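*Asks:* Got a structure for you, questions after.
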Amino acid sequence: MDSISIISSLIFIFFCAFIFSVANSSTLGVNYVSPLLEIQEHERAPSSVQLTAAYGVLNRLIPSHFSSFQFHIIPKEHCGGEFCFNISNHLGSARDGSPEILIHGTTAVDILSGVHWYLKYWCGAHISWSKTGGAQLASVPDPGSLPAVQDAGVLVKRPVPWSYYQNAVTSSYTFAWWDWKRWEKEIDWMALQGINLPLAFTGQEAIWQKVFKNFNISTSNLDDFFGGPAFLAWSRMGNLHKWGGPLPQSWLDQQLILQKKILGRMYELGMTPVLPGFSGNVPAALKRVFPSAKISRLGNWFTVNSDTRWCCTYLLDATDPLFVEIGKAFIEQQLKEYGRSSHIYNCDTFDENTPPVDDPDYISSLGATIFKGMQSADSDAVWLMQGWLFTYDPFWRPTQMKALLHSVPLGKLIVLDLYAEVKPIWATSKQFYGIPYIWKLAVIFIRLEISSGLIHSRDEILCMLHNFAGNVEMYGVLDAVGSGPVEARTSENSTMVGVGMSMEGIEQNPVVYDLMSEMAFQHSPVDVKDWIDLYSRRRYGRFVQPMQDAWNILYHTIYNCTDGAYDKNRDVIVSFPDLDPNSISTLQTILNNVHEQYGKRYLRRAILEEPNDSYDKPHLWYSTSEVIHALKLFLESGNQLSDSSTYRYDLIDLTRQALAKYANELFLDAIEAYKLDDLHAVAHLSQKFLGLVEDLDILLGCHDGFLLGPWIESAKELAQDEDQERQFEWNARTQITMWFDNTELEASLLRDYGNKYWSGLLRDYYGPRAAIYFKYLIESLEKGKGFNLKAWRREWIILTNSWQSSRYVFPVKSTGNALNVSQWLFEKYLQDLGSHDH
């Protein structure tokens, strides 16, 4: 039996172990939103339009098999009133060139979910983002030889109607420079993953320009309001204004055209795009035009010295009559431009903006007014809000939380349980006190300073919070993902209406998103161990025993984070500490891992104890020795898998992960040597650290998914002239390094939040930055004086400002052999470390 047959047989056996309920699985929350579902069903694109769109996705995914599938749209009544897909054998499949597999679905998205399901569990295929290796379709048999499903067919229902996607800041961390070609690929990916409730935030500045014009706000006034192209997410949320701007008119016009294409395709596929609502964030000029309006100025958000050029935005109180007027006008303008909506609007007035008083009646009036602004323009409007505020802000005690959630009619408010895979709010709030919600895998941007301004049953969408700022870090909580949505949905009096993913940045950790997207169709908890065994085969298109063993290790280590800590990448390479080395304490070091170097004893692990909040310790939740062993198994599989793009991506990512954690320890060793006045050791360890950074840059350059060049070049491609090109490139470089103006000796607190392990960035910025710090370490010992923290900061800030203004061009295509480079680095740095944690 060949490898494809083995994979198909094992996958079929595993799939038969799944039990899909055919009974009605509606929750209380689904009942509450059923009027909206009926309206959306009536307004959905005609079957012919959806089928054309679905065939278009199929042709872009696997054109060689375009004629092998036949699609049909069916009413929900055929699936007991729920969304579903049905896979069956085509009766005419024996004839050459005729379809072999027939897929019925309630929408085009459901049909394409069926295609993906069939390719996964009958053909051993895998679909991920292009940057993370792309689609593995080599295991799919040739047309005419596709595996048949069981005679009765395969019916898969959605246990809840919605699968949500995106975070408010994904539009900047990932989508900032996308054109239609890239957006089309993403919408294809969404549809194949079963996503039917995506955010659609592109182009809203052009809408606001037209809205505010009717309130006597000029275009020039808005130059101070909108952020630059890479910072729009935060200007929309009222965190900043003008930074990176002003926006050229050509940008506004282009983005509106792009948004219309995005919405058009989403509607064609039967999706329910979520449009933005008015949260209260207004330009400063509005206060001059309406001097009696209740407009407050918010506090500083990370700028150096509270620089009002960028910080301290304005918020219109929801109780002011002008709030409803503007909220209504904003939605009406969107309806005018787009011709329609799905009636769901996202608004997060209270996210990082705490109400001034905690009186429940006042809070209830705020919520009611916000919703009135939506409903005044769209009588069928439903408010979608993030539940992150209930996770981090102690203001929201049960009484205040209920006051907000119950301020809107039942079924008219849906909450995103943003951090559900780690800290599910539904479990501690009696299902959001009856509000419909979505269980959501999310990624969040934490606002550390809360300003003094504003910030019955209901529905909830449970969400997964997984990635911050598009950081490159292998991380996951797979067991929680494989069971959490099911536990929430089947809990007593559940108001869950969907599952979701709201990562701040995409194109990382494909295993997590593969499993999470599948949970939109799973009625029972997934046996993640068995699922991982199949994943490794699908991911690479064949069974390789060392890879199976390696993924078992990764599942129990990297992808089994249970410490409850959020995973913001603070590795020393990408987030270098700005502190005096003497503030790094080793007093609490575990003493069971002491090694000798140059005749002195050094502690293998040190705990950083800082006197302030200037340094976040790198997050480590697993045995590094086990992960190094997994990498060894990856390398052993190289001869069989080196032609696979998915393998090369994973190999580089795992090697990077292991080396990054080793670099953290090298840094601590250098600090320990410094405190022992060992100049020779500091010089040696510094050079070893810097050499590792250079070597890691070479490794990352071996795959397109780890390059800096595409990020910068895609920004420049959207420019209309030289000035715009310079502005857009500066935006791109600044977002991933340090935000806001710096003084000569004071760096912004918003530094390295958007850090990336990208080839070019390590060699050109992270390495030189570390070299400056080490230079002053060595100088301190040579001169017998204290560490010159001011000099370090001065030179680091100069480096940063210079790098952000540079026009150096970085490669957009990878070079080098991933397997050879990874093997070389393993032998150079890691081979002797695999026997113990370091």
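The values are calculated or read from the model by the stated rules, or taken from the named source; none is laboratory data. Note that this is a predicted model, so its numbers are computed, not measured. Using ideal geometry, Cβ is built from the backbone for each residue, glycine included, and neighbour counts are taken over all protein chains shown. Ligands, DNA and RNA are excluded from the accessible area calculation, which covers all protein heavy atoms including side chains. Shrake-Rupley method; radii C 1.70, N 1.55, O 1.52, S 1.80 Å.
*Asks:* Condition check: open to solvent by less than 20 Å² (accessible area, probe 1.4 Å), under 15 Å from D697 (Cα atoms) and not in a loop (DSSP other than H, G, I, E, B). Does A770 satisfy that?
*Replies:* Working: open to solvent by less than 20 Å² (accessible area, probe 1.4 Å): yes; under 15 Å from D697 (Cα atoms): yes; not in a loop (DSSP other than H, G, I, E, B): yes.
Here the answer is yes, as A770 does meet what is asked.
*Asks:* Go through the stretch 616-644 residue by residue and tally those that are hydroxyl-bearing (S, T, Y) and within 24 Å of G134 (Cα to Cα).
*Replies:* Taking the stretch 616-644 first, the residues hydroxyl-bearing (S, T, Y) are 622-625, 637, 642, 644.
Narrowing the set further to residues that are within 24 Å of G134 (Cα to Cα) leaves 637, 642, 644.
Number satisfying all stated conditions: 3.
*Asks:* Select from the stretch 779-804 the residues that are of a type in the set (S, T, N, Q), closer than 27 Å to F706 by Cα and either touching a Lys or Arg at 6+ places or on another chain (Cβ under 8 Å) or surrounded by 13 or more Cβ atoms within 10 Å (Cβ to Cβ) (or both) and list them in ascending order. Full working, then the answer.
*Replies:* Of the residues in the stretch 779-804, the ones of a type in the set (S, T, N, Q) are 780, 788, 800-802, 804.
Still in the list and also closer than 27 Å to F706 by Cα: 800-802, 804.
Within the stretch 779-804, T800, N801, Q804 qualify.
*Asks:* State which residue pairs qualify: first residue hydrophobic (A, V, I, L, M, F, W, C) and inside the stretch 72-83, second residue part of a strand (DSSP E or B) and surrounded by fewer than 21 Cβ atoms within 10 Å (Cβ to Cβ) in any location, beta carbons under 8 Å apart, and separation of 6 or more residues or different chains.
*Replies:* C79/L155
*Asks:* Please find, among D514, D530, the residue that is open to solvent by less than 10 Å² (accessible area, probe 1.4 Å), at pLDDT 95 or above, among the acidic types (D, E) and part of a helix (DSSP H, G or I). Steps first, please.
*Replies:* Working: D530 fails: open to solvent by less than 10 Å² (accessible area, probe 1.4 Å).
Of D514, D530, the one residue that is open to solvent by less than 10 Å² (accessible area, probe 1.4 Å), at pLDDT 95 or above, among the acidic types (D, E) and part of a helix (DSSP H, G or I) is D514.
To keep it simple, each residue is scored yes or no on (1) of a type in the set (F, W, Y); (2) assigned to a loop (DSSP other than H, G, I, E, B); (3) in contact with a strand residue (DSSP E or B) (Cβ under 7 Å, 6 or more places away or on another chain); (4) under 23 Å from E729 (Cβ atoms).
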residue: A747; (1), (2), (3), (4): no, yes, yes, yes
residue: K785; (1), (2), (3), (4): no, yes, no, no
residue: T815; (1), (2), (3), (4): no, yes, no, yes
residue: N820; (1), (2), (3), (4): no, no, no, no
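*Asks:* Hey, another quick one. Of all residues in the stretch 533-555, count the ones that are touching a Lys or Arg at 6+ places or on another chain (Cβ under 9 Å) and in a helix (DSSP H, G or I). So that I can check it myself, show each step before the final result.
*Replies:* Here is the first cut: in the stretch 533-555, the residues touching a Lys or Arg at 6+ places or on another chain (Cβ under 9 Å) are 534, 538, 543-544, 546-548, 550-552, 555.
Next, from what is left, pick out any that are in a helix (DSSP H, G or I): 534, 538, 546-548, 550-552, 555.
So the count comes out to 9.
*Asks:* Go over the candidates E100, E38 one by one and state the one that is at pLDDT 95 or above and surrounded by fewer than 20 Cβ atoms within 10 Å (Cβ to Cβ).
*Replies:* On the way: E100 fails: surrounded by fewer than 20 Cβ atoms within 10 Å (Cβ to Cβ).
Selected residue: E38, the only one of E100, E38 that is at pLDDT 95 or above and surrounded by fewer than 20 Cβ atoms within 10 Å (Cβ to Cβ).
*Asks:* Considering (1) out of contact with any Ser or Thr (no Cβ under 7 Å at 6 or more places or on another chain); (2) more than 24 Å from Q687 (Cβ to Cβ); (3) of a type outside the set (D, E), say which one Y776 fails and leave the rest.
*Replies:* It is condition (2) that Y776 fails.
*Asks:* Return the only residue of N281, N300 being open to solvent by less than 40 Å² (accessible area, probe 1.4 Å), more than 30 Å from I187 (Cβ to Cβ), among the polar types (S, T, N, Q) and over 23 Å from the mean Cα position of the chain (by Cα). Break it down into steps so the answer makes sense when it comes.
*Replies:* Numbers: N281 fails: more than 30 Å from I187 (Cβ to Cβ).
Of N281, N300, the one residue that is open to solvent by less than 40 Å² (accessible area, probe 1.4 Å), more than 30 Å from I187 (Cβ to Cβ), among the polar types (S, T, N, Q) and over 23 Å from the mean Cα position of the chain (by Cα) is N300.
*Asks:* Same structure, new question: In the stretch 61-176, which strands (runs of 3 or more DSSP E) lie fully inside it and hold 1 or more residues that are under 30 Å from A230 (Cα atoms) and hydroxyl-bearing (S, T, Y)?
*Replies:* Numbers: elements: 69-73, 84-89, 101-105, 154-157, 162-165.
Here the list reads 162-165.
Condition check ((1) of a type in the set (S, T, Y); (2) at pLDDT 95 or above; (3) closer than 20 Å to E43 by Cβ) across all residues:
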residue: E332; (1), (2), (3): no, yes, yes
residue: S364; (1), (2), (3): yes, no, no
residue: K372; (1), (2), (3): no, yes, no
residue: D380; (1), (2), (3): no, yes, yes
residue: K402; (1), (2), (3): no, no, no
residue: P409; (1), (2), (3): no, no, no
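*Asks:* Please go through the stretch 468-504 and give me each residue that is open to solvent by 20 Å² or more (accessible area, probe 1.4 Å), of a type in the set (S, T, N, Q) and on the phi < 0 side of the Ramachandran plot, ordered by number.
*Replies:* Correct list: S483, T490, S491.
*Asks:* Moving on to the next point. Go through the stretch 288-309 residue by residue and tally those that are modelled with pLDDT under 95, hydrophobic (A, V, I, L, M, F, W, C) and on the phi < 0 side of the Ramachandran plot.
*Replies:* 3
*Asks:* Of the conditions (1) modelled with pLDDT of 95 or more; (2) out of contact with any helix residue (DSSP H, G or I) (no Cβ under 9 Å at 6 or more places or on another chain); (3) not hydroxyl-bearing (S, T, Y), L51 clears all except one; give me its number.
*Replies:* Going through the list (1) modelled with pLDDT of 95 or more; (2) out of contact with any helix residue (DSSP H, G or I) (no Cβ under 9 Å at 6 or more places or on another chain); (3) not hydroxyl-bearing (S, T, Y), L51 breaks only (2).
*Asks:* Please state which of the following conditions Y765 fails to meet, knowing it meets all the rest: (1) surrounded by fewer than 22 Cβ atoms within 10 Å (Cβ to Cβ); (2) assigned to a helix (DSSP H, G or I); (3) out of contact with any Leu (no Cβ under 6 Å at 6 or more places or on another chain).
*Replies:* For Y765, the failing item is (1).
*Asks:* Between residues in the stretch 710-731 that are among the basic types (K, R) and residues that are open to solvent by 30 Å² or more (accessible area, probe 1.4 Å), which pairs lie under 8 Å by C-beta distance while being six or more apart or on different chains?
*Replies:* Once the first residue is among the basic types (K, R) and sits in the stretch 710-731, its partners that are open to solvent by 30 Å² or more (accessible area, probe 1.4 Å) give K716/E725; R726/R807.
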